[in-house]
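The block underneath contains the structure these notes are about, expressed in structure tokens.
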Amino acid sequence: METLFSDLRYAVRTLVKSPGFTLAAMLTLALGIGANTAVFSVVNGVLLRPLPYPEPDRLVYLGWEWNSGGVNSTVTAYTYEYIREHARVFDGVSTERGWATELGEGAVPDEVRGLRATADFFRVNGIAPALGRAFLPEEDRPGAPPVVVLSDGVWRTRFDADPAVLGRTVRLGGVPHAVVGVMPPGFRFPEAPGYTDFVVPFRLDPDPRDKGQNYQVRARLRPGVTLEQARADLAAVSARFREEHPELMGESEVGVAILGYQDIFVGGLERTLWILLGAVGFVLLIACVNVANLMLARATSRQREMAVRAAIGAGRGRIVRQLLTESVLLALGAAALGLVVGEWSVDGLLALAPSGLPRMEEIGLDGRVLGFTLAVALATGIAFGLTAAAHAFRVDLSGALRGGARRTGERSRRRVRSLFAASEAALAVVLLTGAGLLITSFFELRSVSAGFEPEGVLAVEFRRTPAEYGTAARVWQFERQVLERIRAIPGVVSAAATSTLPLQGQYNFPMTVVGRPDATFGAVQWRGITPGYFETLRIPLVRGRAFTARDDDRMPPVVIVNETFARKYFPGQNPIGQRIDIGTYQGKELIPGFDDPPREIVGVVGDVHGLGLDRAPSETMYIPRAQAPDGWAVAALGAIAVRVQGGAVVGPAVLDAIRALEPRMPLPRFRSMPEVIGASVAQERFNAVLLGLFAGLALVLTAIGIYGIVSYTVRQRTGEIGIRMALGARRDEVVRLFVRQGMVPVAIGLGIGIVAAFALTRLIESLLYGVSPTDPVTFAAVPIALAAVAAFATYLPARRAATVDPMVVLREE
């Protein structure tokens, strides 16, 4: 320990004596370590951190598997009930759904967000209310008295943490609920972040005719049950289900499958995060190469010191330990700075991250992240410390002690520096190529026409409605009145309501063509709209007519379809006047309780992207909002699109119009339609921007590294330059000599990097749109750009070499 403390004291003194070197090395490493810390924080929070439940390894998710290998992460209500009753390997099986509503009474009740959950919810999560009890089995059945378990936060803020709250009645969504429990403090539900204010029973009424796969199912394995045993049990349950209900399973359906949290909630983001972590690892490697080059230069200047230490008896192990102590101490200092950089960078990452990033609230610096940062710092410190130590052993003691250390082992160090330059160039090519492909892909995606004109359109999105807006008629009454007021606002050109904005998801319903029992059955998008919707968004009317005020009556029922729908179901025919039956197929009612008469097609409009710019438009039906059936989401208040003239600001006036009609309406979200389109490509923007930032940082570090290598070479060869110029070499010849020698290892690195990029860019193929992972333009542009930067980085010190005065150099020699 005494020797260790001695080494530490000496290392500190040595680093303090070289503040320029110390600061440059620490800042370079801090950038690389900080970037890695930030990305690993996201990877840790989203992928690695266990779910916040007791024994999370016993928690599984259930889906529905197909012969094609695909798995649907949701099942029907009847399938859920069948699994719950027949599976023997689970302690509990539950399903839940988020519910945004209002708590209390008065002019403006509190807005709360919670869960509807089946009775096994608490058992599956492995938690119990801190106060009161969980749901009884009979309380999640239709007709049972309404009960609620409050969150700890709501209990403290609304009820002053009064234990007597149990048994009291509170109004949720206008309906009285008896309080039976209070959740423990800190309860989180990562599957639906933010929906933790309360839990109420989810009362399903399973009907085998209901084909809607709308329920995510979770289960807790019994103690000692393995995943293999669970899969075997579910296979038996699936076989029994097929035997008892052959009409509910097609030939392509396999049955119940076990999924993980990441399969459902992370999806393709998992690959993206690992790719980003690998990319930022390349940045750290480039930073390490730069620091190793600094250490190598510093080792050259310390050759006399190493020779003296060796001459008075220091063994190799002692010298290695001293150099490693210095390098590790340097790396740990850089890690401390890197943690600060990482903390700031995490905030930036979360600001760039798409809104659907799961477990975002759990992302941050924790013990695992600190351990990762420490491990990275130690590994890098040892790596470049050993590099310096290896060259310290090549000292010619007699030459070093006589003052000739500058030339000792110079050829070997020159080869190492060339290797450093080639390595940096190769790593930078891989990063820049990947970033170039993603950026090109992003711009290709943004160039896709959404099918409407977004400029000048304001989207007013309603999160929820007061409890009394429970019928389509009540929703339509409010929409008609508020649209009249909005259209009267100065600067408003037109306005219309819709159940769902473009690019914001879809409602799918089965459909068949009346009189065509052989028509292909399919789930078709359905959107409820008001008259003026196509004019507001400037969706072209291809054939027939748009909706008018006379369609506000429920009869006759009409529908407008898009071109994709018309091409699929009426190829080579005129769809105008044809009739379709929604919710049934070949005379069978597939959606229980869905009372919608056959509708006549009165128009065909252009295709609009409903799910994303990277997804082809689906077959879509538009029905008048006034004709929407009760009890369906398309009948609920969705959004209003407002087209304004000349950039007029109408948001405050629109809000006033809404509040004048319904003061209890929660504040809607105002966004321009270009913002809606931007949000739909948030994941692609996140990928392109982040990898672009890492590639830019790598490019800067590479340029600095190459500049440093050539500058050091110039300093070491000053005598040679003076002799060359004294013998008649011109300044431009000296410049070309050093540029050529500096660019040779860079060119080798570019070649290696192109080969590596050709192999590694296939990893991001699934993230690309409209561009090949071997895009020739990108593969040509990146090496050219990097070669230009490297040439400039070598030219600056080479030009300085040409300014040497040969007489001064010769006198010094």
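Brief remarks on what is shown
- Relative to its Kirkwood radius, the Cα radius of gyration of the range 157-253 gives an Rg/Rh of 1.10.
- Only Lys, Arg (+1) and Asp, Glu (-1) charged, at Cβ; the chain dipole about Cα centre in debye: 4260
- Residues whose amide H comes within less than 5 Å of that of Thr530, counting only those at least five positions distant or on another chain, are Ala497, Arg625 (H built at 1.01 Å from N in the peptide plane).
- Residue-by-residue Karplus 3J(HN,Hα) for the range 184-192, coefficients 6.51, -1.76, 1.60, Hz, glycine and proline x: x, x, x, 4, 10, 10, x, 5, 9
- Ellipsoid semi-axes in whole angstrom, largest first, where each is sqrt(5λ) of the Cα gyration tensor of the chain: 64, 34, 25
- Under the combined filter of DSSP loop state and at most 15 neighbouring Cβ atoms within 10 Å, the range 478-545 retains these chymotrypsin sites (Phe, Trp or Tyr not before Pro): Phe521.
- Spatial separation of Cα centroids for the range 429-451 and the range 741-789, in angstrom: 15
- Residue by residue, the range 489-495 carries 3J(HN,Hα) couplings of 6, x, x, 8, 8, 7, 8 Hz when phi is fed to the Karplus relation 6.51 cos²θ - 1.76 cosθ + 1.60 (θ = phi - 60°); x denotes Gly or Pro.
- Kirkwood-based Rg to Rh ratio, the range 85-207, C-alpha trace: 0.96
- Seen against the Cα atoms of the chain and their longest principal axis, helix 651-661 is set at about 30 degrees.
- Val558 long-range amide H proximity, modeled H, under 5 Å: Glu600
- Counting only protein heavy atoms and a 1.4 Å probe, the chain has 43 square angstrom of accessible area per residue.
- Between helix 19-43 and the chain there is an angle of about 20 degrees, using the helix long axis and the longest principal axis of the Cα atoms.
- When both bridge partners sit in the chain, DSSP labels roughly 80% of those beta bridges antiparallel.
- Global geometry of the range 451-513, whether rounded, prolate or oblate, following the gyration tensor of its Cα atoms and the 1.5 cut on a/c: oblate
- Qualifying trypsin sites (Lys or Arg not before Pro) in the range 24-125, where qualification requires a DSSP coil assignment and no more than 14 other C-beta atoms within 10 Å, comprise Arg88.
- Cα-based Rg and Dmax for the range 473-548, where Dmax is the largest Cα-Cα distance (Å): 15.7, 52
- Solvent accessible area, Å² - His177, 1.4 Å probe, full protein context: 20
- Scattering profile of the range 674-736 at q = 0.18, 0.21 Å⁻¹ [log10 I(q)/I(0), Debye over alpha-carbon scatterers]: -0.78, -0.88
- Taking amide H as placed 1.01 Å from N in the peptide plane, the amide H of Ser494 sits under 5 Å from that of Arg643, each at least 5 places away or on another chain.
- Long-range tail of P(r) for the range 716-806 (Cα pairs > 20 Å, %): 51
- For the chain, the relative contact order works out to 16 percent when only alpha carbon pairs closer than 8 Å and six or more residues apart are counted.
- Sum of -39500 (n - 2.57) over DSSP H runs of 4+, divided by residues of the chain (222 nm, nearest 500): -16000 deg cm²/dmol
The values are calculated or read from the model by the stated rules, or taken from the named source; none is laboratory data. Predicted model, so just to flag it, every value in this text is computed and none were measured. Reconstructed Cβ throughout: ideal geometry from the backbone, glycine too, with neighbour counts over all protein chains shown. Note: accessible area is taken over every heavy atom of the protein model, side chains too, but ligands, DNA and RNA are not part of it. Shrake-Rupley method; radii C 1.70, N 1.55, O 1.52, S 1.80 Å.
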